[in-house]
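All of the numbers you see were taken from the coordinates with simple rules; none came from a lab. A quick note: this is a predicted structure, and the numbers were derived from the prediction, not measured. Reconstructed Cβ throughout: ideal geometry from the backbone, glycine too, with neighbour counts over all protein chains shown.
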Amino acid sequence: MFREQTIQTKEGYFGKYGGQFIPPVLEAPLARLAEEFSKARNNPAFLHELHYLLKQYVGRPSPLYYARRLSETVGSKIYLKREDLNHTGAHKINNCLGQILLAKHMNAREVVAETGAGQHGVATATAAALFGIPCKIFMGSRDAQRQKLNVQRMKLLGAEVITTDQGTASLKDAVDVALGYYIDHPDSFYLLGSAVGPHPYPTIVHYFQQVIGEEARRQVLEQEKRLPDSIFACVGGGSNAIGLFSAFLNDRSVKIFAAEGGGEGADSPRTASTLVSGKPGVFQGTYSYCLVDENDEPREAYSIASGLDYPGVGPEHAYLKETGRVSYHCITDNEAIAAFYELSKLEGIIPAIESSHAVALATKLLKDKKQLAIINLSGRGDKDVERDMEHE
């Protein structure tokens, strides 16, 4: 199923980005994780079990759907990669099943995870329930309030949900607290949800999410007999985007675009557009771009989308920005909200507010271009329906 593609310039690095900036207590656990992952992706039994679960449990392949009414409105031919139709409602389950299998092979007694929008938390709780492994999910209290439905789902699945009020009580703070717990309990298995953090996590998450791009590439060739002119995804940490982008990186005819959470706009302090407005630096275990203040210290991020409300980004995205292979754009809250309603009314598909950022960017750049494009619809919007987003 997986066609190996990587742009790593050396192990754990994408150009100058990546690496491992961690306390000594985590060196041995992460070295073991890297070793077990290397063995697993070359182990036919491991891959057979993963492929079985992706097909029979998740429901892969996810469809590549021609959005006719959206296309007619925009003036370009647009396909949606329907990750929202996966079990648990988002792309997160792809990575969680891969990592939970690693946890099982490593005889983990406990799984630890962070979550923002709650989709990674739900996927982790789902995978942990499937294999009977206890799990703790760390979440910012503000996000827990915004995403009550997903908190309830995690608890129903047997997870212990631990909220934090520190900082802005959002994704960054959930990661900080989860990492702190992992440092104190290095025998736990930290199931990181995005393509961020110290090596080997960006490589692991890339590997388990690249199924999105492999399927999309094959599907568009089957349906259109050619590659798309462009592809789009939203970026917080960057896992759904790297999943789609991975299969098209070597296809220079395909333009690649990513939408970051802009909050009130790229020039506002209330933004999460890390690659548009940030600077390179060490943040949460890796060297990548980060939103910083006047003293070059990490500063608070803001986006209406909890899954994009993060001041860092994965090191592979930093490299793709630097090389110019991917073009990163700021999408404001208002633009994402408008796309949320438009896709719902035009196609009968309610997208996650995170995915709505990608829809907004695509509709803006593709207007009357008569091009062929794919948008990664990374998640469904059930979790956002009860929110009064226009007044948050």
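Would you work out the charge dipole size for the chain about its Cα centre, treating the Cβ of every Lys and Arg as +1 and the Cβ of every Asp and Glu as -1, and quote it to the nearest 20 debye?
1500
A simple spin-label model places the labels of Arg109 and Glu160 1.3 nm from each other, with each point 7 Å out along Cα-to-Cβ. Across the range 70-77, computed HN-Hα scalar couplings (Karplus, 6.51 cos²θ - 1.76 cosθ + 1.60, θ = phi - 60°) run 4, 4, 5, 5, 7, x, 8, 8 Hz from first to last residue, x flagging Gly and Pro. Summarising the label geometry, the points placed 7 Å from Cα in the beta-carbon direction at Glu49 and Asp184 lie 3.1 nm from one another. Excluding same-chain neighbours fewer than eight residues apart, the lysines reachable from Lys136 by a Cα-Cα span under 19 Å are Lys92, Lys104, Lys148, Lys155, Lys172.
If you take the square roots of the eigenvalues of the alpha-carbon gyration tensor of the range 235-389 and sort them as a ≥ b ≥ c, do you get rounded (a/c under 1.5), prolate (a/b over b/c) or oblate? Oblate shape, in that a/c is at least 1.5 and b/c is the bigger or equal ratio.
Here the peptides 275-288, 15-28 are ranked by packing, the mean other Cβ count within 10 Å, and the order with the highest first is 275-288, 15-28. Once the chain from Glu322 to Lys370 is taken as fully extended at 0.36 nm per residue, the excess over their C-alpha distance is 14.4 nm. A Gaussian network model of the chain, with springs between Cα atoms under 10 Å, assigns the largest mean-square fluctuation among His91, His317, His105 to His105.
With neighbours defined as other Cβ atoms within 10 Å of a residue's Cβ, the residues Val211, Val292 order from fewest to most as Val292, Val211. Rounded, prolate or oblate: which one fits the range 213-288, using the alpha carbon gyration tensor with axes a ≥ b ≥ c (rounded when a/c is under 1.5, else prolate when a/b beats b/c, else oblate)? It comes out prolate by the Cα gyration axes.
Report the equivalent ellipsoid semi-axes for the range 117-256 in whole Å, largest first, defined as the square roots of five times the eigenvalues of the gyration tensor built from alpha carbon atoms. Spell out each step's value before the answer.
On the way: eigenvalues 207, 49, 47 Å².
They are 32, 16, 15 Å, listed from largest to smallest.
Note on Asp267 and Leu149: with the Förster distance fixed at 30 Å, the Cβ-Cβ geometry gives a FRET efficiency of about 0.35. DSSP beta bridges confined to the chain are antiparallel in about 35 percent of cases. The distance from the alpha carbon centre of the range 53-112 to that of the range 319-392 is 17 Å, rounded to a whole number. So if each residue of separation counts as 0.36 nm, and I subtract the Cα-Cα distance between Lys345 and Val385, what length gain in nm does that give? Result for the pair: 13.1 nm of gain on full extension. Quick one: grab the alpha carbon gyration tensor of the chain, order the square roots of its eigenvalues as a ≥ b ≥ c, and give me rounded if a/c is under 1.5, else prolate or oblate depending on whether a/b is larger than b/c. Here the chain falls in the rounded category. Across Ser268, Ser188, Ser306, mean-square fluctuation computed from a Gaussian network of the chain (C-alpha pairs under 10 Å connected) peaks at Ser268. Amide H to amide H distances under 5 Å link Tyr190 with Val112, where only residues 5 or more positions off or on other chains count and H is placed in the peptide plane.
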